[in-house]
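A.B. asks: Pasting a structure below so you can have a look.
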Amino acid sequence: MNKRIDEAVAARAYQLWEKAGKPEGRDEDFWHLAEQELINEDKGSPLRTPDTL
């Protein structure tokens, strides 16, 4: 992955982890959840063109 994407996923995963009460040992769960949320946000972007779907 590129550095900007990794940073965005890490920031979102941290927010989700904090919101969940900072549970230990679930970092991969929050990483994957953050990735999925960011992918879903991108799919809904009005700037996305049909050829990038």
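A.B. asks: Checking the condition outside any helix (DSSP H, G or I) and out of contact with any Pro (no Cβ under 6 Å at 6 or more places or on another chain), which residue from 7, 24 passes? Explain how you work it out, then say what you get.
C.D. replies: Working: 7 fails: outside any helix (DSSP H, G or I).
Checking each option against the conditions leaves just 24.
A.B. asks: Scan the stretch 10-21 for residues that are surrounded by 11 or more Cβ atoms within 10 Å (Cβ to Cβ) and in a helix (DSSP H, G or I) and report the count. It would help to see each step written out before you state the result.
C.D. replies: Of all residues in the stretch 10-21, those surrounded by 11 or more Cβ atoms within 10 Å (Cβ to Cβ) come to 10-17, 20.
Checking the rest, the ones that are also in a helix (DSSP H, G or I) come to 10-17.
Of the residues in that region, 8 qualify.
A.B. asks: Pairs under 7 Å by beta carbon, first residue closer than 20 Å to residue 7 by Cβ in the stretch 18-30, partner assigned to a helix (DSSP H, G or I), six or more apart or different chains?
C.D. replies: Listed by first residue and then by second, the contacts come to 30/13; 30/16; 30/17.
Readers should treat all values here as calculations from the given coordinates under stated rules, not as data from a laboratory. Predicted model, so just to flag it, every value in this text is computed and none were measured. Note: ideal-geometry Cβ built from the backbone for every residue, glycine included; neighbour counts use all protein chains shown.
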